[in-house]
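Enquirer: Quick one: the structure is below, and I'll ask about it shortly.
The values are calculated or read from the model by the stated rules, or taken from the named source; none is laboratory data. These figures come from a predicted structure and were not determined experimentally. Please note: Cβ atoms are built from the backbone with ideal geometry, for glycine as well, and neighbour counts cover all protein chains shown. Just so you know, the surface numbers come from the protein's heavy atoms only, side chains and all, with ligands and any DNA or RNA stripped out. Shrake-Rupley method; radii C 1.70, N 1.55, O 1.52, S 1.80 Å.
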Amino acid sequence: MNDWSWDYVGDIMPKLLDGLWVTVQATLLGSVAAFALGLVWAIALRSPSRWVTWPVGALVEFVRNTPLLVQLFFLFFVLPGWGLSFGPLTTGVIGLGLHYSTYTAEVYRAGIDAVPRGQWEAATALSLPRGRTWVAVILPQAFRRVVPALGNYVIAMFKDTPMLSAITVGDMLFQANSIGATTFDYMEPITVVGVLFIVISYPTSVLLRVLERRLVR
Amino acid sequence: MSADSSLSKVTVNPAVDGSELIRFDKVTKRFGANTVLDALDFTVSSGKHVTLIGPSGSGKTTILRLLMTLARPDEGTIRVGGEYLTHEERGGRLVPAGEKHVREVRKNIGMVFQQFNLFPNMKVMRNITEAPVHVLGLSADEAEERARGLLELVGLTEHADKFPTQLSGGQQQRVAIARALAMRPQVLLLDEVTSALDPELVAGVLDVLRDIARTTDITMLCVTHEMNFARDISDDVLMFDAGRVIESGPPEKIFNDPDQERTRQFLSAVL
Ligand SMILES: Nc1ncnc2c1ncn2[C@@H]1O[C@H](COP(=O)(O)OP(=O)(O)OP(=O)(O)O)[C@@H](O)[C@H]1O
Ligand SMILES: [Mg+2]
């Protein structure tokens, strides 16, 4: 076993910070995708038509109940065979966004259900069109209630990004791994990756709790 | 309350000719095995103020909800201004109405709810202008001018920029009345609009409604336990029991000398 070397840490830091930037990009873009897609699922699942709710419901259940890693492999290794290929990071963002959209859909559903029925009735009594009712009445009220839960999924997604290294995305774990593979010394790179994760995710979750207390009164 | 200055702004349909505006034909409504309305027939003439009274569970709210299209009848037809509300005529046959048809007919009807149901995410002004802008196609300026006239009518001019939660229940209900009137409906439905209010706030809301009843020609269909109010504003009182109109007539007759024993019992219990 080697002793801990701060010099070594200093040498590998630039590469790990490059990886961190990729990790942050994947998380933020994945979150945007998950927020948007999840909202689409949540609204589609409230459609009066079974022709909409059934396929969307099946898709959501399927994606939620299969592992993210399998989905990433499918997107990265299988889809190109059908002529659909994207770069590693794009594939990773699609995979994270799609996977987590099945959870955010559930968050939105709960938030939407929590809006009192009287709000829908008042909108009907004013003849507001359905789209306008969603945009102006229901979603703004649901939003306050869903922000904390959505934030928790952002943190969970952040901690899932190392899976993207399996499809050659140059995230933190990927960088640490490739450093270790050349120096045969994994202790510092892997430890630093762990520390960077907690340095970011812990304060973020504390911040979220503060936000939660402000929004949900 | 400056009713006279706001009168011109809230005048609804100038041509009140006393013709039939609302017609229920053999309307039946069931919830599971519970038949709430049983082949109900009744009509309301344009410009009239009609109060529905009757014991709890007799179907008063259900009637208003059917008119507001918040519920659909199982059988029978409802007409508003000669137009079928839940049906439309296609090729001479009556078929269930599509969303578009329902929306057109529904525009003639406004409703004020027991629990106000204001939009808490919008300020008072936008609560009132939202539908005129997005349903009637008014410009923002036109809608705000209309809203200001109505806020004056309900005595809340200085509260336009507050959120509903910053107002008392009575003020919120007056905003809800203004919001409904902003659509210039021919019919205003009022379902126990004061029963969620603290007692000291009831009079303010009833005064506004008396004002509206006196200064506009809007048709009012009103469910209330405020019998003095009902006596003041009503042209007709309909007594319901078990999903049927068992007696109807002018308030003096119904309140002072009802024909039905059931009506007498009910009134002695609530008065
Ligand atoms: N959504 C519903 N599902 C099942 N039953 C219902 C529903 N709405 C109303 N009912 C039933 O229909 C009957 C009539 O209800 P409604 O609310 O119209 O009475 P009401 O005359 O307004 O009574 P109240 O004076 O208590 O408000 C009641 O027996 C009620 O339990
Ligand atoms: Mg009722």
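Enquirer: Summing Lys, Arg as +1 and Asp, Glu as -1, what charge do residues with Cβ under 13 Å from the Cβ of B:Glu247 carry, B:Glu247 excluded?
Expert: Net local charge, B:Glu247 excluded: -1.
Enquirer: Please state, rounded to one decimal and in Å, the Kirkwood hydrodynamic radius that the protein assembly as shown gives when every pair of distinct Cα atoms enters the mean of 1/r.
Expert: Every distinct Cα pair counted, the radius reaches 26.7 Å.
Enquirer: Just the number, please: percent antiparallel of the DSSP beta bridges in the protein assembly as shown, rounded to the nearest 5.
Expert: Taking every DSSP beta bridge with both residues in the protein assembly as shown, the antiparallel ones total about 60 percent.
Enquirer: Let me ask something else about it. Any idea what the alpha-carbon Rg over 2.2 N^0.38 Å comes to for chain B?
Expert: Taking N as the residue count of chain B, the ratio is 1.00.
Enquirer: Using amide H atoms built 1.01 Å from N in the peptide plane, name the residues 5+ places from B:Ile246, or on other chains, whose amide H lies under 5 Å from its own.
Expert: B:Met239, B:Phe240, B:Asp241
Enquirer: Could I ask something else about it? Using the crude model of +1 on Lys and Arg Cβ and -1 on Asp and Glu Cβ, and no other charge, please compute the dipole size for chain A relative to its Cα centre, in debye to 20.
Expert: 1460
Enquirer: Now for a separate question. Would you mind getting me the FRET efficiency between B:Lys100 and A:Thr168? Use the beta-carbon distance for r and R0 = 45 Å, nearest 0.05.
Expert: After rounding to 0.05, the efficiency reads 0.30.
Enquirer: Starting from segment A:1-89, pick out the trypsin sites (Lys or Arg not before Pro) whose DSSP state is loop and whose Cβ has at most 15 other Cβ atoms within 10 Å.
Expert: Of the trypsin sites (Lys or Arg not before Pro), the ones in loops of segment A:1-89 whose Cβ has at most 15 other Cβ atoms within 10 Å are A:Arg46.
Enquirer: Given the convex hull over the Cα atoms of segment A:98-217, what projected area results after averaging over all orientations, in nm²? Don't skip to the end; give the middle numbers.
Expert: Working: hull surface 37.5 nm².
With every direction weighted equally, the projected area is 9.4 nm².
Enquirer: Based solely on C-alpha atoms, express the radius of gyration and the Dmax of segment A:17-169 in angstrom.
Expert: So, for segment A:17-169, Rg and Dmax equal 17.4, 56 Å respectively.
Enquirer: Considering amide H positions built from the backbone, and no H for Pro or chain starts, which residues 5 or more places from B:Met220, or on another chain, come under 5 Å of its amide H?
Expert: Answer set, sorted by chain and number: B:Lys48, B:His49, B:Val50, B:Leu188.
Enquirer: Quick one: how many Å² of A:Tyr103 are accessible to a 1.4 Å probe, rounded to 10?
Expert: 60
Enquirer: Give me the net charge of B:Glu192's neighbourhood, meaning all other residues with Cβ under 11 Å from the Cβ of B:Glu192; Lys, Arg count +1, Asp, Glu -1.
Expert: It works out to a net charge of -1.
Enquirer: Next up: Inside 10 Å of the C-beta atoms of B:107-120, what's the mean count of C-beta atoms belonging to other chains?
Expert: For this peptide, the per-residue mean of nearby foreign Cβ atoms is 4.
Enquirer: Let me ask something else. Is it possible to state the helix-based mean residue ellipticity at 222 nm for chain A, with each DSSP H run of 4+ residues giving -39500 (n - 2.57), the sum divided by total residues, to the nearest 500 deg cm²/dmol? What is it?
Expert: Helix contribution divided over all residues of chain A: -25000 deg cm²/dmol.
Enquirer: In 5 Å bins starting at zero, report the fraction of Cα pairs in segment B:60-135 per bin as a rounded %.
Expert: Percent of Cα pairs in each bin: 3, 13, 22, 21, 16, 13, 7, 4, 1, 0.
Enquirer: Can you tell which of B:Pro164, B:Pro250, B:Pro120 shows the greatest fluctuation in a Gaussian network model of chain B with Cα springs below 10 Å?
Expert: B:Pro120
Enquirer: On to the next question. Report the accessible surface area buried between chains B and A, summing both sides, using a 1.4 Å probe on protein heavy atoms only, in Å² rounded to the nearest 100.
Expert: Details: alone 12430 and 12380 Å², together 23160 Å².
Protein heavy atoms only, the B-A interface buries about 1700 Å².
Enquirer: Around B:Leu271, with a cut-off of 13 angstrom between Cβ atoms, what is the net charge of the other residues, counting Lys and Arg +1 and Asp and Glu -1?
Expert: Values: positive: B:Arg231, B:Arg264; negative: B:Glu226.
Summing Lys/Arg as +1 and Asp/Glu as -1 gives +1.
Enquirer: What is the extension gain from A:Lys159 to A:Met187, computed as 0.36 nm multiplied by their sequence separation minus the C-alpha to C-alpha distance, in nm to one decimal?
Expert: Result for the pair: 8.1 nm of gain on full extension.
Enquirer: In addition: Run lengths n ≥ 4 of DSSP H only: what is the helix-derived mean residue ellipticity at 222 nm for chain B, with -39500 (n - 2.57) per run over all residues, to the nearest 500?
Expert: Only helices count here, giving -11000 deg cm²/dmol.
Enquirer: On to the next question. Using only protein heavy atoms and a 1.4 Å probe, report how much of A:Phe143 is accessible, in Å² to the nearest 10.
Expert: A:Phe143 exposes around 120 Å² with every protein chain in place.
Enquirer: Ratio of alpha-carbon Rg to the 2.2 N^0.38 Å globular estimate for segment B:198-240, to two decimals, please.
Expert: Against the empirical 2.2 N^0.38 Å value, I get 1.17 for segment B:198-240.
Enquirer: For B:Leu40, A:Leu20, give me the order by solvent-accessible area with a 1.4 Å probe, most accessible first, ignoring ligands, DNA and RNA.
Expert: I get A:Leu20, B:Leu40, largest accessible area first.
Enquirer: What accessible area per residue comes out for chain B, rounded to a whole number of Å², with a 1.4 Å probe?
Expert: Averaged over the residues of chain B, the accessible area is 43 Å².
Enquirer: Shifting gears a bit: Out of every Cα-Cα pair in segment B:108-213, what percent are more than 18 Å apart?
Expert: So the pairs more than 18 Å apart make up 42 percent of the total in segment B:108-213.
Enquirer: Dipole of chain B (Lys/Arg Cβ +1, Asp/Glu Cβ -1, origin at the Cα centre): which of B:Gly98, B:Thr28, B:Gln173 lies farthest to the positive side?
Expert: B:Gly98
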